[in-house]
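Nothing in this text is a laboratory measurement; each read-out follows from the coordinates by a stated rule. The structure presented is a predicted model; accordingly, all values stated were derived computationally and were not measured. Because the Cβ atoms are built from the backbone with ideal geometry, glycine has one as well, and the counts that use them run over all protein chains shown.
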Amino acid sequence: MVRLRVVDEDGRSSAQRGQDLHRARDRDEARANLAAVLTPLREAQRGIEAAIAKGHKPAPSEQMWTLLDRAYEALDTYLADLLNEAAIDPACGPRCSACCTDLPPILPIEALRMARSLRRQDQGQARLQRAVEQARAFRQVLLAHTGPQPKLDGTEPGYREAQLAWRRLGHPCPVLGDDGSCSAYEARPLSCRAHVHIEDPAHCEPDSPRFLIAERPPVWGHPRECEVELALAAISKLLELPQAPNLQWGLAGFI
Ligand code: SF4
Ligand code: SF4
């Protein structure tokens, strides 16, 4: 059997790039950077647990938001360091937004954080309203691919097909600004932060022949990194926030 090797300008195969990322995340510095993400998340979790133990209704506090801001800032540092150490130069840049026609996965606390950020903008309410409309429209696409009882799970084949169909419709993310940049960049979810391409941005367009096979270096997904998602999910659960399969749906829950 002939195996095709995907090689970028730097001469590495995607497998080699993956190994370089793996080496980068095994350094003490990367472990410390990841700990800097997890520490504020765990502190936020303990703060909510303590409030609940005192009989308070579960609710986000200003202190929790400050801790989350710190965690996401540390997350950006962690990802930038990995890419730098693995010598991966993303094609992603300012106002590059072909990927912002997707339905990014989102954790409930991330959706609430983004809704909070949008509410502080002049256009925020309109963006939230657009999220509601898109969530409704995507539901129709989903039903067409899955039947009347869709599973809201991004790993389900029916959901994946519906997501691809949605992507081809080209609706810009409700958070995308008119200038092509994310209007809530600091509040974007983990899935947007870890979405990295190294090929020509034109390959991120659904009509590109490389759309489905373009290389996405595995910058996220190691079991140590999944601790971050688990901590965010734990905070979401403590606050009794509704689950959502994607950003549009998640924002629609907080309008
Ligand atoms: S994923 Fe593609 S479209 Fe999105 S920012 Fe990166 S290169 Fe641009
Ligand atoms: S949240 Fe921002 S980065 Fe993510 S898809 Fe929407 S506009 Fe793009």
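Of note:
- Summed residue charge, Cβ within 14 Å of GLN125's Cβ, Lys/Arg positive, Asp/Glu negative: +3
- Contact order for the chain, expressed relative to its length and based on alpha carbon pairs under 8 Å spaced 6+ residues apart, stands at 31 percent.
- Distance from the Cα centroid of the stretch 194-254 to that of the stretch 93-114 is 8 Å (rounded to whole angstrom).
- Kyte-Doolittle at least -1.0, axis length at least 20 Å by Cα - qualifying DSSP helices, the chain: 28-53, 62-85, 124-146, 223-238
- Three-way shape call for the stretch 71-230 based on the alpha-carbon gyration tensor, with the a/c threshold at 1.5: rounded
- Contact order for the stretch 74-225, expressed relative to its length and based on alpha carbon pairs under 8 Å spaced 6+ residues apart, stands at 35 percent.
- When the Gaussian network model of the chain links Cα atoms closer than 10 Å, the mean-square fluctuations of PRO90, PRO157, PRO201 top out at PRO157.
- Distance between the 7 Å Cα→Cβ label points at TYR185 and SER14: 2.9 nm.
- Using only side-chain charges placed at the Cβ, +1 for Lys and Arg and -1 for Asp and Glu, the dipole size of the chain relative to its Cα centre rounds to 820 debye.
- Residue exposure proxy: GLU156, GLU49, ordered by other Cβ atoms within 10 angstrom of their Cβ from fewest to most, comes out as GLU49, GLU156.
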